[in-house]
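Worksheet: one structure, shown below.
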Amino acid sequence: MKKLIFAVAFWVLFFQVRMASALSFNITYDASVAASTNAAQITNAFAYAAQSFSDTFTNAATIYLTVYWGPSGPFSDGIGLGRSQFLLIGSSYSEITNALRTHRASAADTNSVASLPVADPSSSGQWIVAYPEARVLGLVPPIDRPNANPPEDGEVGFATNVNYTFDPNNRSVPGKFDFIGVAQHELSEVLGRNFYDLTTFFVPYDLFRFSSSGVRSLDPNATNAYFSVNNGATALKFFYTNQFLGDIQDWKSTNTPDAFDAFVTSGHINPMSTVDITAMDVLGYNGLALVPPHLYVAKTNNNVTLRFVNSPGVTFTVLATTNLATKASTWTALGTASEAPPGQFIFTDTAATGGFRFYSVRSP
């Protein structure tokens, strides 16, 4: 049984259980980073962004990459805000889909592979996979590294003509871009949330693009493609649409900032949303359903409402006790949290009569 525990008093006292992690990063910082007056802030913030993936996903794999600052190295032709490039390895549709089925470890995984067609939907396309994803899916040995010089999975670069906020505790600063959100965006592309051309070459992420229920969209010019893990029945996020002005594997920007959006603005945090994590999950990065939720609590009279985000489609049971010293097995099961929209959960305890009351969430 997987159990996620947090505790609250009526006055927002809470804690989280931190999960062990196996996904790790071997990061090399180019001389352009060391030459920056913000070198320490850059390296610390980028390490924080990488750690957010390590804290979330439990695959036994190491990711090798180099970080650049400004128009240097592979990014000498310029960087808009953040930019990445990555190495890919050839595979086949059957190898990829078999690996996705073998490595499923969550409700999203199970749902997403259930509708994969037997026949290659690209007809005669060539399938390629980012090296880190090939590693976690077992398409290459765990210690295999790209045949390149240097043998790394990818590179990430950042523009120097914009203002960033690097502090993980202060990511929403007027006039400054959230560096950690930009770093998470670029890291996810190296890991496999990427796009090649949707005409001749295809990547695993293309399998989760839909235009309607049951209809996959492999058209790079589509204006209505969206991400779904249940054969197109539910649109979790819509993809950006103009391949000539941005990356069509990114989300279409909305009023709710997101680390994986195609375009972001300064002055606010761009967090990794539950849909972002689900996207990585269905690509093979396991561990989503085990992530302890961040708790948001509100009390009105004798009602305590708990809200949190987590993996869409997972069942969560809410338990409570008035004595934190009691064994977890004796806590009272209050019921299951409701989910709406996908990935956002809510539960209201109508019997909170006063004093301290502690809550835990477990799955299932």
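What follows is calculated from the coordinates using simple rules that are stated; it is not laboratory data. Predicted model, so just to flag it, every value in this text is computed and none were measured. Positions of Cβ are generated from backbone atoms using ideal geometry, with glycine treated the same way; all protein chains shown enter the neighbour counts.
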Legend entry - Part-to-part distance (alpha-carbon centres) for the stretch 313-349 and the stretch 204-273, which is given in Å: 31
Inset, instruction - For the chain, build the charge dipole from Cβ charges (+1 Lys, Arg; -1 Asp, Glu) around the Cα centre, then report which of Thr160, Leu324, Pro141 sits farthest towards its positive end. - result: Leu324
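Run lengths n ≥ 4 of DSSP H only: what is the helix-derived mean residue ellipticity at 222 nm for the chain, with -39500 (n - 2.57) per run over all residues, to the nearest 500? Numbers along the way, then the final one.
Numbers: 7 runs with 68 residues, N = 364.
Dividing the helical sum by the residues of the chain leaves -5500 deg cm²/dmol.
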Legend entry - Positive dipole terminus of the chain, leading residue within Ile269, Gly343, Phe195 (C-beta point charges): Gly343
Inset, instruction - Of the DSSP beta bridges with both residues in the chain, give the percent that are antiparallel, rounding to the nearest 5. - result: 70
Legend entry - Shape box of the stretch 109-208 [Cα atoms, principal axes, largest first, Å]: 50, 34, 27
Inset, instruction - Would you mind ranking Asp120, Asp197 so that the residue whose beta carbon has the fewest other beta carbons within 10 Å leads the list? - result: Asp197, Asp120
Inset, instruction - Work out how much length Gln243 to Ser124 would gain on full extension: take 0.36 nm times their residue separation and subtract the Cα-Cα distance, in nm to one decimal. - result: 40.6 nm
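About the Cα centre, and with charges only on the beta carbon of Lys, Arg (+1) and Asp, Glu (-1), how big is the dipole of the stretch 57-160? Nearest 20 debye, please. All intermediate terms of the calculation are to be shown ahead of the outcome.
Values: 5 positive and 9 negative charges, 35 e Å.
Computed about the Cα centre, the dipole is about 160 debye.
Rounded to the nearest 0.05, what FRET efficiency do Thr265 and Thr353 have when you use their Cβ-Cβ distance and R0 = 45 Å?
Details: r = 45 Å, r/R0 = 1.01.
After rounding, the FRET efficiency stands at 0.50.
Under a point-charge model restricted to the Cβ atoms of Lys and Arg (+1) and Asp and Glu (-1), what is the dipole moment magnitude of the chain relative to its Cα centre, in debye to the nearest 20?
Numbers: 20 positive and 26 negative charges, 290 e Å.
It comes to approximately 1400 debye.
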Inset, instruction - Go through the stretch 262-268 residue by residue and turn each phi into a ³J(HN,Hα) via Karplus (6.51, -1.76, 1.60, θ = phi - 60°); whole Hz please, and just put x for glycine and proline. - result: 5, 9, 10, 10, 7, x, 8
Inset, instruction - Go ahead and set up a Gaussian network model of the chain, Cα springs under 10 Å, then flag whichever of Val140, Val282, Val129 fluctuates most. - result: Val140
Inset, instruction - Run the quick spin-label model on Ala47 and Asp144: label points 7 Å from Cα toward the beta carbon, then report their separation in nm to one decimal. - result: 3.2
